[in-house]
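Step one of this worksheet: look at the structure below.
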Amino acid sequence: MPRNDPRVGYGLPVILAVALHVAVVLFSVISLPTNQPESTSSSIVQATLVSTETVTDQAQRAEAARERALSQQADEQREADEAARQAEEAAAAEQSAQEAEREAQRQAEQQMKEEALRAAEAAEADARRRAEEAERQAQRREEQREQQQEAERQREAEQEAERQRQAEAEARRQREAEQEAERQRQAEQEAERQRQAEQEAERQRQAEQEAERQREAEQEAERQRQAEQEAERQRQAEAEARRQREAEQEAERQRQAEAEARRQREADEAARRAAQEAEAALQRAIEGEREAAANARQGQEAANSFINLVRRAVEQAWVIPPNMPGGATAEVAVRLGPSGELFGASITRSSGDSAFDRSAIQAVEAAAPFAELRQLPGNLQRDYRQFNLRFTPGDVR
């Protein structure tokens, strides 16, 4: 048990030293932001001095400051990254040392009963080593604090550049606000002029409306007087019209009686004439039927004669291709014009042989025109301007 006292004496100073270094680092980190109000104050003063320069000089100086700040920021960013990496390594080493210390303590406690002396000596050596490592870590933390201070200076430089940009933006916003205020004032003046014009127009409109109401009242009084006079004339006219209607009704009854008698006489005469006309119409209808039958017979004979003439003309013009089978048949649709000229000839049912079909079409074209169409009666000419011809070797129908 007495061998444990040296280990306890070394462990406590190491812990106190580590706590002291941590407190120093925390104090330096926490106290750094207290310097920012002073730099902010100096930045505000600088911003007021910039307002005495021209806009072009401000822009050039701001651009140069931004370029310097960006260059310095890039360099300091690299240093800050390196410092952060070293800080992470130091923190990892410190954590490893603490874990090693805890592990050593646990091992010492486990082996205390068996190897108290060896554990104590190992603990003392480990404590000395940890103290040295803690000292080195404290030095590294001091370096990190300096790096953090450098990084803080870099941030202050960036803040100074940002304040410069904000000052320029504030000046620009101030100018825009003044321009907007001027536009607002002009708009208010225009609105006031518009309002006064509208009030004047409203007063003018009210005066015109009052005059219009006065005229309408006078016109209404005049219309009332004229309406009363018109009503009196209307009563008199109605009384006169009633007497006139009664006289006219009496005369109308008299005329109707005379007209009824006259219509009766005319009806009797019309019935007699209608009977005579019906008898004559019956006779004409009989004669017309006889004449129509005769004309129909003559038209049919003329039509048959026309078709026969067409068939003979086509037969004479048809050159039948050689070696055609006897059962070959083709039908051709023929369309004629009003004077018998050929408008078109087309195959409606093919024979299956193109030479045979072509010879049929050529026969119709060679036989045209068919001027005999004009000799048909007028009511039959349209019916026979379109017909079909069937071609069979030895026969055309």
Quiz item: Considering only protein heavy atoms and a 1.4 Å probe, what is the carbon-and-sulfur percentage of the accessible area of region 151-235?
Solution: 46
Quiz item: Once you charge only the Cβ atoms, +1 for Lys and Arg and -1 for Asp and Glu, what is the size of the charge dipole of region 352-397 about its Cα centre, to the nearest 20 debye?
Solution: 200
Quiz prompt | Overall Cα dimensions of region 132-274, principal axis frame, Å, largest first | solution = 157, 58, 27
Exercise. Would you pull out the residues with amide H under 5 Å of residue 387's amide H, same chain only if 5 or more places away, H placed 1.01 Å from N?
Key: 334
Practice problem: Let me know the charge dipole size of region 101-251 about its Cα centre in debye, to the nearest 20, where only the beta-carbon of Lys, Arg (+1) and Asp, Glu (-1) is charged. | Solution: 400
Quiz item: In square angstrom, rounded to the nearest 10, how much accessible surface does residue 68 have for a 1.4 Å probe?
Solution: 150
Practice problem: Pop a pseudo-label 7 angstrom from the Cα along the beta-carbon direction at both residue 91 and residue 169 and give the gap in nm to one decimal. | Solution: 3.2
Exercise. Compute the semi-axes of the equivalent ellipsoid of region 64-192, taking the square root of 5 times each eigenvalue of the Cα gyration tensor, and list them largest first in whole Å.
Key: 64, 17, 8
Self-check item: Candidates per GluC sites (Glu not before Pro) in region 320-386, loop by DSSP, up to 16 other Cβ within 10 Å
Solution: 341
Practice problem: Using a 1.4 angstrom probe, figure out how much accessible area region 119-173 has per residue, in square angstrom, rounded to the nearest whole. | Solution: 56
Self-check item: Distance cut-off 23 Å, percentage of C-alpha pairs in region 144-227 lying past it
Solution: 67
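The values are calculated or read from the model by the stated rules, or taken from the named source; none is laboratory data. Because the structure is a prediction, the values reported are computed rather than measured. Cβ sites come from the backbone with ideal geometry, for glycine too, and all protein chains shown count toward neighbours. What goes into the accessible areas is simple: the full protein's heavy atoms, side chains included, and nothing from ligands, DNA or RNA. Shrake-Rupley method; radii C 1.70, N 1.55, O 1.52, S 1.80 Å.
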